[in-house]
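Below: one structure, written as structure tokens.
Derivation of every value follows stated rules applied to the coordinates shown; laboratory data play no part. What you see is a predicted model; the values in this text were computed from it and never measured. Backbone-built Cβ (ideal geometry, glycine too); neighbour counts: all protein chains shown.
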Amino acid sequence: MPSHIHDRTTIYRVVCIPGDGIGVDITEAAVQVLNTLSKALGGFEFEFTTVDWSSKAYLERGWYMPPDGLEQLKKFDAIYFGAVGWPDVPDHISLWGLILPIRKALNQYVNVRPTRILPGTTSPLANCAQADLDWVIVRENSEGEYSGQGGISHEHSPHAIGTEVSIFTQVGIERIMRFAFETARSRPRKKLTMVTKSNAQRHGMVLWDKVFYEVAKEYGDVEIDKMLVDAMTVRMVLNPKSLDTIVATNLHADILSDLAAALSGSIGIAPSSNLDPTRKNPSMFEPIHGSAPDIAGKGIANPVGAFWSAAEMVRWLGEEKAADGLMKVVESVTAAGVKTKDLGGSENTKGVTEAVCREIEKQF
Ligand code: NAI
Ligand code: MG
């Protein structure tokens, strides 16, 4: 872990990519909370560098990342990401101009997406108690349906052909399965549900199933089951209690994690960690939501997903106690009813952020 010690204080160098829309608001909120946290706890500090790699900048200069952008990122201990995407730029240009190349080039092959119902909030599901929904979705983050292989032939003609090729490799599947089993093993219920669509997709997904059962042999203490993705949506809604850790492909887990966030109250609370488990490259932390153009500039974005992502970054950097402390604070703020509109509250981004900072100063 590349950290930098100065006067017995560990300095973590974090590069922030706020990006677009509410990505800017929530990154600012996360930085404020992280600075308050390090100041209150002592022993470590953050040195933030912010880069303007956004759609607005792209429209002005024609690129998201400079040519040496990925090399620049490698110099930091972690990356904090807001969101990318704006109506003036086609979404496949913005995603492939920024976030997807980072995940791939920095070997962030795991995307961890925990979901639970926070105190003081409710699930839109009737009769779903707080303890009934506590999941971790492990998303394959480097290949599968988002491999980027394919093309368009005979473009602009009635005979246009588009192909989108999914890639599943033994190495890619095995490493995500191992991570998922380790995650399941580390949680009290030791339960892993694997999701595919191997009835209709008969090659890559069948390989995915096969590798899952092979790796499962090494984890006799983990209870396993298998779901087809369509039936999985039903189970998540009707029997949330029956799930704990979930492993799924890039596309499936992307969709299921938005559903999971909505079922736990709002997409605005859900965090994600893009991890390079080998730790050879910095990992990247971001809420799962996008740039939300419909509420951008209004100052009402829920910053909880950004704080939870920040807590996961702090954990990955090795400050476990600080991470747990930050989450306890965030939960005490939601429990007190300080919430944005998407959670049924009446606060704005600034109000929630200041409440979290005040609580940090009070509790630590
Ligand atoms: P979105 O997540 O931005 O918004 C979906 C809905 O949830 C909107 O109604 C929005 O107002 C609401 N919402 C999202 N985050 C919220 C928060 N923190 N607080 C309160 N409400 C919140 O998804 P959408 O609309 O499909 O995408 C918008 C743009 O973001 C697109 O350009 C898309 O490509 C991009 N995007 C980028 C991602 C990333 O950077 N990792 C992830 C998802 C989408
Ligand atoms: Mg998504």
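Pick out which of ALA160, ALA129, ALA270 has the largest mean-square fluctuation in a Gaussian network model of the chain, springs linking Cα atoms closer than 10 Å.
ALA160
Hey, got the dipole for segment 102-141? About the Cα centre, +1 on K and R Cβ, -1 on D and E Cβ, debye to the nearest 20?
Values: 5 positive and 3 negative charges, 56 e Å.
I would put it at about 260 debye.
With just the Cα atoms defining each centre, how far is segment 267-283 from segment 309-364? Give it in Å.
So the two Cα centres are separated by 19 Å.
Please compute the Kirkwood hydrodynamic radius over segment 54-188, one decimal place, Å, based on all pairs of different Cα atoms.
Values: mean 1/r = 0.0543 Å⁻¹.
It is 18.4 Å.
Hey, how much of the P(r) for segment 60-133 falls beyond 20 Å, as a percent of Cα pairs?
Details: 1401 of 2701 pairs.
Summing the P(r) tail past 20 Å for segment 60-133 gives 52 percent.
So which trypsin sites (Lys or Arg not before Pro) in segment 280-318 pass both tests, a DSSP loop state and at most 13 other Cβ atoms within 10 Å of the Cβ?
Details: sites: LYS280, LYS298, ARG315; in loops: LYS280, LYS298.
For trypsin sites (Lys or Arg not before Pro) across segment 280-318 that sit outside H, G, I, E and B with at most 13 neighbouring Cβ atoms in 10 Å, the list reads LYS280, LYS298.
Summing -39500 (n - 2.57) over the DSSP H runs of n ≥ 4 in the chain and dividing by its residue number, what mean residue ellipticity at 222 nm do you reach, to the nearest 500 deg cm²/dmol?
Numbers: 12 runs with 140 residues, N = 364.
Result for the chain: -12000 deg cm²/dmol, rounded to the nearest 500.
DSSP loop (so not H, G, I, E, B), at most 15 other Cβ within 10 Å: list which chymotrypsin sites (Phe, Trp or Tyr not before Pro) in segment 81-179 pass both filters.
Answer in residue order: no site qualifies.
Run the reach check for LYS191 against aspartates and glutamates, Cα to Cα strictly under 16 Å, same-chain hits fewer than 8 apart removed. What comes back?
ASP132, ASP134, GLU182, GLU218, ASP221, GLU223, ASP225, ASP244
Which entries of LYS226/LYS350; LYS39/LYS280; LYS104/LYS210; LYS104/LYS217; LYS226/LYS341 have Cα-Cα distances beyond 31 Å here? Walk me through the intermediate numbers first.
Values: LYS226/LYS350 43 Å; LYS39/LYS280 28 Å; LYS104/LYS210 24 Å; LYS104/LYS217 29 Å; LYS226/LYS341 37 Å.
Those over the limit are LYS226/LYS350; LYS226/LYS341.
Which shape class, rounded, prolate or oblate, goes with segment 149-262 when its Cα gyration tensor gives a ≥ b ≥ c as root eigenvalues, a/c under 1.5 marks rounded, and past that a/b bigger than b/c marks prolate? Present the calculation step by step, with values, prior to reporting the outcome.
On the way: a/c = 2.72, a/b = 1.72, b/c = 1.58.
Verdict is prolate for segment 149-262.
Assign unit charges at the C-beta atoms only (+1 for Lys and Arg, -1 for Asp and Glu), then state the dipole size of segment 1-111 relative to its Cα centre in Debye, rounded to the nearest 20.
Numbers: 9 positive and 13 negative charges, 69 e Å.
Roughly 340 debye, rounded to the nearest 20.
To the nearest 20 Debye, how big is the dipole of the chain about its Cα centre, given +1 on the beta carbon of each Lys and Arg and -1 on that of each Asp and Glu? Can you show the working numbers first?
On the way: 37 positive and 45 negative charges, 153 e Å.
It works out to roughly 740 debye.
Projecting each Cα onto the charge dipole of the chain (Lys/Arg +1, Asp/Glu -1 at the beta carbon, about the Cα centre), which of MET205, GLY220, PHE307 comes out farthest on the positive side?
Highest projection toward the positive end goes to GLY220.
Have a look at ALA126, ALA160, GLN108 and report the one farthest towards the positive end of the charge dipole of segment 106-162, computed about the Cα centre with Cβ charges (Lys/Arg +1, Asp/Glu -1).
ALA126
Give me the Kirkwood hydrodynamic radius of the chain, using the inverse of the mean 1/r over all pairs of distinct Cα atoms, in Å to one decimal. Walk me through the numbers before you get to the answer.
Details: mean 1/r = 0.0472 Å⁻¹.
Kirkwood hydrodynamic radius for the chain: 21.2 Å.
Please give the FRET efficiency for ILE161 paired with HIS203, using the beta carbon to beta carbon distance and R0 = 22 Å, rounded to the nearest 0.05.
0.65
In bins 10 Å wide, starting from 0, what share of all Cα pairs of segment 22-66 does each bin hold, as a percent?
Once binned at 10 Å, the Cα pair distances of segment 22-66 give 24, 37, 25, 12, 2.
Would segment 1-133 count as rounded, prolate or oblate if I go by the C-alpha gyration tensor, calling it rounded below 1.5 in a/c and otherwise prolate when a/b exceeds b/c, oblate otherwise? Could you put the intermediate results ahead of the total?
Details: a/c = 1.90, a/b = 1.10, b/c = 1.73.
Oblate is the answer for segment 1-133, as a/c is 1.5 or above yet b/c matches or exceeds a/b.
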